[in-house]
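Written below as structure tokens is the structure these notes are about.
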Amino acid sequence: MRRIVPNIYSNDLEKSKLFYTEFLEMDLAMDMGWILTFVSKENKTAQISIFRNEESKPLDNSAIFLSVEVSDIDNWYERAKKEKIEIVYPITNESWGVRRFFVKDPNGVTINLLSHLE
């Protein structure tokens, strides 16, 4: 694993932006309008992402899910299928440069497993 990023749904991205940049003094590394990613000034792998809360509920109906960056996403996908882990979003190459799929952990939390496309 390369990093684990908590993801939080927000009803107010602007308030989130102020909180993480001003109070926590993190850098805004990515702003795609629907997702904000903040990184620590001291450790660039310490990150948090804030997603705009849409009308549709998150996959696990909670306010948080996790993203786990791995080095060989296809291997992880095959393992999940073999081990009969619940896959709730199939492996997909996304337009923003990641290949990912979602599974549920035993507690019902959605885990977004991803690798960056090269």
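Computed from the coordinates by the stated procedures, all read-outs in this text should not be read as laboratory data. Note that this is a predicted model, so its numbers are computed, not measured. Cβ sites come from the backbone with ideal geometry, for glycine too, and all protein chains shown count toward neighbours.
Model label points for residue 104 and residue 29, set 7 angstrom from Cα along the Cα-to-Cβ axis, are 3.0 nm apart. Cα axis of helix 73-82 to longest principal axis of the chain: angle in degrees, 0 to 90, nearest 10? Roughly 50 degrees, rounded to the nearest 10.
Here each label is just a point 7 Å from Cα along the line to Cβ, and for residue 75 and residue 3 those points are 2.1 nm apart. Distance between the modelled labels on residue 118 and residue 89, one decimal in nanometres: 2.4 nm (7 Å Cα→Cβ projection). Can you find, among 36, 23, 111, the residue farthest towards the positive end of the dipole of the chain? Put +1 on the C-beta of Lys and Arg, -1 on that of Asp and Glu. Of 36, 23, 111, it is 111. Our helix-only sum for the chain, with -39,500 (n - 2.57) per DSSP H run of n ≥ 4 divided by its residues, gives a mean residue ellipticity at 222 nm of -3500 deg cm²/dmol.
Contact order for the chain, expressed relative to its length and based on alpha carbon pairs under 8 Å spaced 6+ residues apart, stands at 24 percent.
Compare the Cα positions of 91, 53, 77 along the charge dipole of the chain (+1 at Cβ of Lys, Arg; -1 at Cβ of Asp, Glu; about the Cα centre) and return the one farthest towards the positive end. Toward the positive end, the furthest listed residue is 77. Lys-Lys pairs in the chain that are eight or more residues apart or on separate chains and whose Cα atoms lie under 22 Å of each other come to 9.
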